[in-house]
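Peer 1: Okay, handing you the structure first.
The values are calculated or read from the model by the stated rules, or taken from the named source; none is laboratory data. Values in this document were obtained by computation on a predicted structure and should not be read as measured data. Every residue, glycine as well, gets a Cβ built from its backbone with ideal geometry; the counts of neighbours run over all protein chains shown. Protein only, heavy atoms only, side chains kept; ligands, DNA and RNA dropped before computing areas. Shrake-Rupley method; radii C 1.70, N 1.55, O 1.52, S 1.80 Å.
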Amino acid sequence: MRSALFLAALLGPALAQPLAEALQKAPETPGVVTARLEREARARDLERTLQDPLRTLLAELQARQAEALARARLKRALAQAQSEIASAYAQAQEALLQVALAEKALEVAELALRAAEIRAQGGGATALEVLEAQNRALEARKNLELARSGREAALAALANLVGPWTPEGVGEVPPLPEPEVVEGLLRAHADLLSLRQSLELVRFQRGLLDESFVPRREIEALEDQARLLEENLQALERSLRVGLQARYDQLPPLLQGIRAAEEALRAARERLEAEQARFQAGLASRLALLQQELALLQAELAFAQAKHGYLKAYYGLLASR
């Protein structure tokens, strides 16, 4: 298809690189590196604690908790990095398509302007029609400049995450996760784990105290603290469950949007093929053919945007942990 040739020319000699390869760069991002170093430090602390023959049960509990929390935060940092990469990748890919679309729109506007000027010379168009065509061509040039600026900004944002990268079109999107993913994300959520650990620690400390040698006031303070932590834990879990469920519920409609955009793209391709045949038979003008090529590029962009919307929501859901 002509649109594929336009995009290939736009990319030039650069080799397009898929999303899967970009996501593999997530462990190298600063946030993940920091979280990994923290997890390694907490793992070393736990190992030292377990090797200490004089360790207390409280010290061991705290060391185990710190290592588990660091591990959960590392997983969250990795998921968040993948979400950021997927979003930046989608933005860069759309920016490339926007440039191809703007170039074709300028080609259409310039040909329409020439047609208006020729008609005006023969008395078939007014000066106002020519002026309007000139304005449309100027607007198309401005849009192309903006699209090129947006492309550079989007590629730079992606490069900040994964290095120099030329994204290619996204093929198959990930399937809809099972509904159980919400509960799994809740169990793995670092903030909930932190609260659960705090509650566990307070209860453990309460178990160490006895009214025979500790004032009742101190015991009651720990019991009050445990009740407050339990209430906060339940409230946070309810809030997170609602948010995660809302994120999950938006995925099926986004998948349906992909299918609708794909059907529209297929129809645009068929219309272009028909217009090409009519042009070869002398039944359609060059301008009409260019307009169908523009319509195909618009359908390709809409299809890509539908896919990207699902990808952003998908990885955004997995990063909510």
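Peer 1: When the accessible area of the range 19-319 is split by element with a 1.4 Å probe, what percent falls to carbon and sulfur? Show your work: numbers first, answer last.
Peer 2: Values: 8740 of 16540 Å².
Carbon and sulfur: 53 percent of the exposed surface of the range 19-319.
Peer 1: Kindly rank 265-277, 120-132 from highest to lowest mean number of other beta carbons found within 10 Å of each residue.
Peer 2: On the way: 265-277: 15.5, 120-132: 12.2.
Per-residue mean Cβ counts within 10 Å order the peptides as 265-277, 120-132.
Peer 1: Keeping to pairs on different chains or 8 or more places apart, tell me how many lysine pairs in the chain have Cα atoms under 21 Å apart.
Peer 2: Numbers: 25/75; 25/312; 75/312; 104/142.
Final tally of qualifying lysine pairs is 4.
Peer 1: Counting each DSSP H run of 4 or more residues in the chain as -39500 (n - 2.57), what helix-only mean residue ellipticity at 222 nm follows after dividing by all residues, to the nearest 500 deg cm²/dmol?
Peer 2: Numbers: 10 runs with 262 residues, N = 321.
Calculated from helices alone, the mean residue ellipticity at 222 nm is -29000 deg cm²/dmol.
Peer 1: Could you give me the ³J(HN,Hα) list for the range 25-36, computed from phi with Karplus coefficients 6.51, -1.76, 1.60 and θ = phi - 60°, whole Hz, x at Gly and Pro?
Peer 2: 7, 4, x, 8, 6, x, x, 6, 4, 4, 5, 5
Peer 1: OK, next. Hey, can you rank 192-201, 236-245 by average C-beta count inside 10 Å, highest first? Walk me through the intermediate numbers first.
Peer 2: Details: 192-201: 17.5, 236-245: 14.1.
My ranking of the peptides, most packed first, is 192-201, 236-245.
Peer 1: Can you compute the radius of gyration and Dmax for the range 172-212, using only the Cα atoms, both in Å?
Peer 2: That works out to 18.0, 67 Å for Rg and Dmax.
Peer 1: By how many degrees, between 0 and 90 and to the nearest 10, does the Cα long axis of helix 57-121 differ from the longest principal axis of the chain?
Peer 2: The angle comes out near 10 degrees.
Peer 1: Can you pull a Stokes-Einstein diffusion coefficient for the chain at 37 °C (0.692 mPa s), Rh from Kirkwood over Cα pairs, as a whole number of µm²/s? Please report the intermediate quantities before stating the final value.
Peer 2: Values: Rh = 24.4 Å.
Roughly 134 µm²/s, to the nearest whole number.
Peer 1: Quick check: pseudo-label points 7 Å beyond the Cα along Cα→Cβ at residue 235 and residue 121, how many nm apart are they?
Peer 2: Taking the two extended label points, one gets 7.7 nm.
Peer 1: Which angle between 0 and 90 degrees, to the nearest 10, do you get for helix 2-11 versus the longest principal axis of the chain when only C-alpha atoms count?
Peer 2: That works out to roughly 60 degrees.
Peer 1: Distance from the Cα centre of the range 38-69 to that of the range 204-269, in angstrom?
Peer 2: 26 Å
Peer 1: Right, here's the next one. Quick check: with the 1.4 Å probe, what order do 33, 99 take by accessible area, largest first? Write down the numbers at each step before the final one.
Peer 2: Details: 33 50, 99 0 Å².
Highest to lowest solvent-accessible surface, that is 33, 99.
Peer 1: Compute the angle between helix 216-249 and the longest alpha-carbon principal axis of the chain, please, reported from 0 to 90 degrees and rounded to the nearest 10.
Peer 2: In the chain, helix 216-249 runs at an angle near 20 degrees to the longest axis.
Peer 1: Something else: Output wanted: per-residue J couplings in Hz (rounded whole) for the range 140-146, from phi through Karplus 6.51 cos²θ - 1.76 cosθ + 1.60, θ = phi - 60°, x for Gly and Pro.
Peer 2: Listing the rounded values in order: 5, 5, 5, 5, 5, 4, 5 Hz.
Peer 1: Ok, one more. Please list, in chain and number order, the residues 5+ apart from residue 17 or on another chain whose amide H is under 5 Å from its amide H, with Hs placed from the backbone.
Peer 2: 166, 168
Peer 1: Give a residue-ordered list of calculated ³J(HN,Hα) values for the range 295-306 (Karplus: 6.51 cos²θ - 1.76 cosθ + 1.60, θ = phi - 60°; whole Hz; x for Gly, Pro).
Peer 2: 4, 5, 4, 5, 5, 5, 5, 4, 5, 5, 5, 5
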